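Encoded as structure tokens, the structure appears first; notes follow it.
The values are calculated or read from the model by the stated rules, or taken from the named source; none is laboratory data. Model, not experiment: these values are computed from the prediction. Using ideal geometry, Cβ is built from the backbone for each residue, glycine included, and neighbour counts are taken over all protein chains shown. What goes into the accessible areas is simple: the full protein's heavy atoms, side chains included, and nothing from ligands, DNA or RNA. Shrake-Rupley method; radii C 1.70, N 1.55, O 1.52, S 1.80 Å.
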Amino acid sequence: MASRPVATDPGQDITACDREPIHIPGAIQPHGLLLVVDAATQRTVAGAGAIEERLAADWLDQPLAALLGDDVAQMVAAMPIGPGSVVAAIPVEGLAEAFSVTAHRVAGERILIELEPGIADAPWGRGSPLAWLDAAATSFERTGDLAMLFDRAATTFRMLTGFDRVMVYRFLDEDAGRVVAEARAPELPSFLHHHFPSSDIPKQARALYVRNRTRSIPDIAYTPAPLRPAGFETLDLSDVALRSVSPIHLRYMANMGVAASASISIVKDGILWGMVACHHYTPRRLSAELRAAAAALASGLARQIRAREEAELYRERLRLRAAEDGILPRLIGLGEIVPAIRRLMPDMMAMLGGSGFAIVTGGKVHEHGLCPPTLATLDLAQAVTARSGGELFVTHELSAAFPMSAPLASTASGLLALPLIDGGITLLWFRAEQVEEVEWAGNPHKSVALTPDATLTPRASFESWRETVRGRSRRWTMEEVESAHRLRRALHDASQNQRLRGLNTALQRTLDDKDALLQQKDVLMKEVDHRVQNSLQLVSSFLSLQAKAANDPRVREQLQEAQARLSAVALVHRRLYRDDQIQTVDLARYLEDLVGDMRQSLGRDWSAMMRLDLTPVLMPTDRAVNLGLVTTELIINATKYAYDGAAGPVTITLEQYGNRLRLIVADEGRGKSDDEIGEGRGFGSRMMAAMMQRLSGTIEYDNNQPGLRAIVIAPIAD
């Protein structure tokens, strides 16, 4: 360990930060001014900051045009309905300084107007800011990989902001963060590659970072300027850049020795991918114009990150396909499967990036590379086959699944086990332990200090703290797992072909009988599928007849919804039979077929209004069924409530972000109030809640301006 941790209270609940109402601080930072304007009368009803000394002595209940001029008043009057911001291009003159103006429309009939001192020391000097931003974005495009892109971004943002330290900070799967690039003054110590625990950025702060893409604190030693007159303390300041900061965050900055800070969100596909964090060790202001430029530059950075990540996935898929194409013909051409695999064990191990490879068959083990002892390999093969039920088993932390395997960590911290469909043969890829030295900015396992009658305070130590993580290997990617599935199917086909060739040689006289048996098997499978489909169709028809016969419209509606839910389940059965794939399904194809069925049932008017934007996502079948039911329910809700029975646009979007997916069902109808969104007492709402619990996901509702967006976020796999 590089430093001795400070004394803390191990029992303290650091999640209290997640419940702090940081969006309603009741005050602003004093370097700017805030005016609260009635949208109907365009008169000021409240404000914050030294308005009398810097703008006008008599400002309350004054016309906006009299305070800020006709240009600003016209800009505010032309603001669109709904949340958003408008920046005035013409500076407003105060009593002794010029201000830049930013206006926000909030819920209700109020407009918040921020006044900040104008731009200073912009990197483009007297030149064009657009030309500078274009040159910066072009430099991002010319980087060769993600590491170079992050380094270039840190240098560019430091040039733009002028801060002592600029870090590109990436969120990891467990919501902790890691500094992936840094540009700093030479005399400062480095935070590069340091990890920060998830508690350093509370959940509600992450939500605001998506909504409000830039944040600046010119001087952490400021005294908050409260909203006045009294009664406006609970005003929502989520979109206000001048919003006063949580005292906990200010203490956090002070503990780091930082006097001023700024942050620019990196939002990729609507999700907070990371941030550009800027620190200065003396007070420093980042003007509204520079923040707008930084936000635009961060958007370009997010696009470049997405392009490079997609390119890496594409190259990985190509590599695996090439390896499969090189191995499979040789396996199939070498005769019996086990001897063929034994001859190609080095290639098999390299294909999925294992450090060891073994075949277990008939109580015997054949090994290549770095593998556990023979008896341990036999025990592992039996254990994983029993647990997985003969399906693929994969883990990068084997001791967590099988504690008895902990002594094998040096050779088998990671395992991909592939029982072949024919049974009796198991292929095992091992990955050796990858001992990782994780460098934290302070001890992440220590909570904050809390004294009697004191308020919650953040951790005080940011000295480098190293943690050795053992018992884990490099993670198996989704592409590698899917490649293993393809290999299993190909080996099964090869084994079947080999068996058939042997039978053709040994049992030539019974060829006709064998073909007849195969045909009977095919007929039987089709008959089973036909009967299952008939049963589902029969139930669906009964529901349809019952709906037509029902006199109560509510009963009829509920029966029709039940019929739609049954169709979602039946569709999965059809796809599984058609694809001969039980383990995973392509969620995009499944949803496309599901919406196609709903189009037919809803009629021509609705069919023309439904739009799909679906990204292919491979996921386990049982999770796809749950998502299909949730999608059906959301579409039913949109058709029932969005347009009061009439047809209208409904958009279904499916996106993948890392190991999570995001499903959006959006309409342009009448929308819902906050009270209506929270009701959810019917069967459909209870069913969706149960499905989301099984998926370990969340469902949120947002204003689509106009209409409603239902956003489902869930892990792709358990």
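Look at region 685-714 and say how many of its residues are part of a strand (DSSP E or B) and open to solvent by 40 Å² or more (accessible area, probe 1.4 Å). Summing the residues that are part of a strand (DSSP E or B) and open to solvent by 40 Å² or more (accessible area, probe 1.4 Å) in region 685-714 gives 8.
When region 637-669 is filtered for residues that are within 23 Å of E479 (Cα to Cα) and open to solvent by 10 Å² or more (accessible area, probe 1.4 Å), the ones remaining, listed by number, are T653, E655, Q656, Y657, G658, N659, R660, R662. In region 201-238, the residue that is modelled with the highest pLDDT out of those that are closer than 17 Å to G270 by Cβ and among the charged types (D, E, K, R) is R213. Residue count for region 605-625 satisfying the condition of being at pLDDT 85 or above and in contact with a Leu (Cβ under 7 Å, 6 or more places away or on another chain): 6. With respect to (1) under 23 Å from M351 (Cα atoms); (2) touching a helix residue (DSSP H, G or I) at 6+ places or on another chain (Cβ under 6 Å), the lone exception for S405 is condition (1).
For region 314-336, the count of residues that are of a type in the set (F, W, Y), within 20 Å of A181 (Cα to Cα) and open to solvent by 60 Å² or more (accessible area, probe 1.4 Å) is zero. Given the condition farther than 30 Å from E655 by Cβ and among the acidic types (D, E), answer yes or no: does some residue in region 250-273 qualify? No.
On inspection, A241 does not qualify as surrounded by 16 or more Cβ atoms within 10 Å (Cβ to Cβ) and in a strand (DSSP E or B).
Scanning region 42-84 for residues that are open to solvent by 40 Å² or more (accessible area, probe 1.4 Å), touching a residue at least 40 places away in the same chain (Cβ under 8 Å) and under 41 Å from the mean Cα position of the chain (by Cα) yields a count of 2. For region 206-235, the tally of residues that are closer than 19 Å to V106 by Cβ, without any contact (Cβ under 8 Å) to a residue 60 or more places away in the chain, of a type outside the set (K, R) and open to solvent by less than 40 Å² (accessible area, probe 1.4 Å) stands at 1. May I ask you to verify whether A262 is in a helix (DSSP H, G or I), out of contact with any Asp or Glu (no Cβ under 6 Å at 6 or more places or on another chain) and not acidic (D, E)? It is false that A262 is in a helix (DSSP H, G or I), out of contact with any Asp or Glu (no Cβ under 6 Å at 6 or more places or on another chain) and not acidic (D, E).
V384 meets all of the listed conditions (1) touching a Pro at 6+ places or on another chain (Cβ under 9 Å); (2) more than 24 Å from T621 (Cα to Cα); (3) crowded, with 23+ Cβ neighbours inside 10 Å but one, namely (2). For region 387-398, the criterion of being open to solvent by 20 Å² or more (accessible area, probe 1.4 Å), aliphatic (A, V, I, L, M), touching a Phe, Trp or Tyr at 6+ places or on another chain (Cβ under 8 Å) and outside any loop (DSSP other than H, G, I, E, B) is met by at least one residue.
Determine whether R184 is at pLDDT 90 or above and open to solvent by 30 Å² or more (accessible area, probe 1.4 Å). Break it down stepwise before answering.
Values: at pLDDT 90 or above: yes; open to solvent by 30 Å² or more (accessible area, probe 1.4 Å): yes.
For R184, the condition - at pLDDT 90 or above and open to solvent by 30 Å² or more (accessible area, probe 1.4 Å) - is met.
Among the residues making up region 399-426, those that are surrounded by fewer than 19 Cβ atoms within 10 Å (Cβ to Cβ) and either at pLDDT 85 or above or over 19 Å from A484 (Cβ atoms) (or both) are A400, A401, F402, P403, M404, A406, P407, S410. For region 314-330, the condition of being of a type in the set (S, T, Y) and in a helix (DSSP H, G or I) holds for at least one residue. Within region 163-181, restricting attention to residues that are modelled with pLDDT under 90 and not aliphatic (A, V, I, L, M), which residue is farthest from F140 (Cα to Cα)? Checked region 163-181; the qualifying residue farthest from F140 (Cα to Cα) is E174. Checking each residue in region 598-636 for being open to solvent by less than 50 Å² (accessible area, probe 1.4 Å) and touching a Ser or Thr at 6+ places or on another chain (Cβ under 9 Å) picks out M598, W606, M610, L614, M619, P620, T621, A624, T632, E633. Cβ-Cβ distances below 7 Å connect the following pairs, each with a first residue in region 349-365 that is in a helix (DSSP H, G or I), a second residue that is open to solvent by 20 Å² or more (accessible area, probe 1.4 Å), and a separation of six or more residues or different chains: M349/H368; M349/G369; M351/A323. Scanning region 125-160 for residues that are in a helix (DSSP H, G or I), of a type in the set (G, A, S) and free of Cβ contacts under 8 Å to residues at least 12 places away in the same chain yields a total of 2.
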